[in-house]
Amino acid sequence: MRRFLTKKDLKLKKKQTIYAITGIIVIIGIYWFLTREKTTEPEAPIVSVEPAQQQDVEIYGEYVGRIRAQQFVEVRARVEGFLEQMLFEEGTQVKRNQVLFIINQAQYQAKVDKARAQLKKDEATARKAERDLNRIRPLYEQRAASQLDLDNATAAYETAIASVGMSKADLDQAEQELSYTVVRSPIAGQISERHVDLGTLVGTSGKSLLATIVKSDTVLVDFSMTALDYLKSKERNIIIGQKDSTRSWQPTVTITLPDNSVYPYKGLVDFAEPQVDPKTGTFSVRAEMSNPEHVLLPGQFTKVKLLLDVRENATVVPQKALIIEKGGAYIYVMRKDSTAEKRFIELGPEFGNNTVVERGLTPGENIVIEGYHKLSPGVKMRVGTAPQTKEKKDE
């Protein structure tokens with residue numbers, strides 16, 4: 001028998017359907033809520049920062065230098081003769097005016113003796129001529145002698161006096177030549193080995209170079225600088241080779257020895273060539289350096305480190321904080337609200353692992369030194385120990 005649903009039954013069934021659908025929707029919602037992918041706010045990148053420093057920066061230039069003796073003298077024979085004696089030990093220190101060599105003196109002693117005898121003869125002749133003139137003058141005044149007699153006596157006396165002067169000059173010359181046979185050291189220094197053997201004819205017709213003497217208690221260091229170095233120095237009102245009492249520093253030189261050790265004494269630049277060599281584009285510079293223990297040898301090549309400038313109260317940053325692109329160099333600065341600011345700066349000279357910043361940065365501002373590869377302008381960041389990464393700078 002067919003049963004018909006009453007209105008009450010239909011209303012009940014409709015409610016049941018609605019409840020069922022609602023339950024299904026709630027179950028689906030709960031399932032979605034529990035299984036949905038959770039989105040979290042991105043964490044602020046961790047970076048390392050440090051304040052920009054202000055300090056006095058010493059700017060150096062490095063060059064190749066050559067050691068030169070302050071004095072280098074060639075000892076030569078000034079007269080001709082056979083070398084008889086050598087009165088020094090080769091390679092030792094000699095004093096000024098110390099006797100080094102003796103050349104055969106016989107012929108020069110003979111010239112001195114002859115010139116001295118001639119002088120005595122001329123002096124005797126002059127004395128006689130003077131006596132004759134003294135006799136003739138009163139006779140002439142008494143008209144007992146003629147004017148011609150007086151003139152002859154006067155001329156004879158004057159000729160005799162002139163002969164005495166010539167003989168004295170000849171004697172001085174002969175004695176000077178005799179003194180040249182004793183060869184003395186013109187300076188104090190270290191003498192080389194002899195260049196000639198005993199018994200060798202030396203002088204104008206033979207070998208004249210006997211030895212060399214080097215004074216190296218103080219040495220000179222020669223090196224070359226570029227015209228660009230000169231222009232950079234001029235920009236800072238620094239003239240290479242000239243002392244400036246208004247500065248708190250002077251252009252000192254430090255050299256490195258062949259064993260890579262640093263020489264303990266410093267030198268001072270005292271001369272710079274006033275013109276540039278057009279072939280090399282460089283100009284010569286000289287520094288004077290103390291060498292009391294004779295460690296530096298003339299002719300030796302060495303590395304020269306020259307103090308070119310001292311930048312007082314310069315702003316400096318570590319080189320690892322710099323990002324260099326074609327458009328220039330920039331760094332990331334942390335603002336007070338911990339956001340990143342991309343700051344373009346003008347770079348100055350480099351020293352060690354740091355670089356001078358000419359413009360664009362104030363001392364004390366916090367700069368990012370590690371972790372800047374994760375930053376972009378305006379990004380929040382946290383200060384900590386940034387993970388070490390291999391960062392490359394675009395040239």
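The values are calculated or read from the model by the stated rules, or taken from the named source; none is laboratory data. None of the values given here were measured: they were computed from a predicted structure. When we count neighbours, we look across all protein chains shown, and the Cβ atoms used for this are built from the backbone with ideal geometry, even at glycine. Only protein heavy atoms, including side chains, enter the accessible area calculation; ligands, DNA and RNA are left aside. Shrake-Rupley method; radii C 1.70, N 1.55, O 1.52, S 1.80 Å.
Quick notes on this one:
- Positions within the stretch 95-114 being touching a residue at least 60 places away in the same chain (Cβ under 8 Å) and open to solvent by less than 80 Å² (accessible area, probe 1.4 Å), in sequence order: Q98, V99, L100, F101, I102, I103, N104, Q105, Y108, Q109, V112
- T92 being closer than 30 Å to L210 by Cβ, open to solvent by less than 60 Å² (accessible area, probe 1.4 Å) and not aliphatic (A, V, I, L, M): yes
- Screening the candidates S185, S167 for the property of being out of contact with any Gly (no Cβ under 8 Å at 6 or more places or on another chain), open to solvent by less than 30 Å² (accessible area, probe 1.4 Å) and closer than 22 Å to A124 by Cβ yields one hit, S167.
- Those strands (runs of 3 or more DSSP E) of the stretch 291-345 in which at least 1 residues are touching an Asp or Glu at 6+ places or on another chain (Cβ under 6 Å) and surrounded by 14 or more Cβ atoms within 10 Å (Cβ to Cβ), considering only elements entirely within it, cover 301-318, 328-334.
- Whichever residue in the stretch 115-132 is in contact with a helix residue (DSSP H, G or I) (Cβ under 8 Å, 6 or more places away or on another chain) and farther than 14 Å from I161 by Cα and, among such residues, is surrounded by the most Cβ atoms within 10 Å (Cβ to Cβ): A115
- Those residues of the stretch 133-148 which are within 21 Å of I161 (Cα to Cα), crowded, with 16+ Cβ neighbours inside 10 Å and not β-branched (V, I, T), in sequence order: L133
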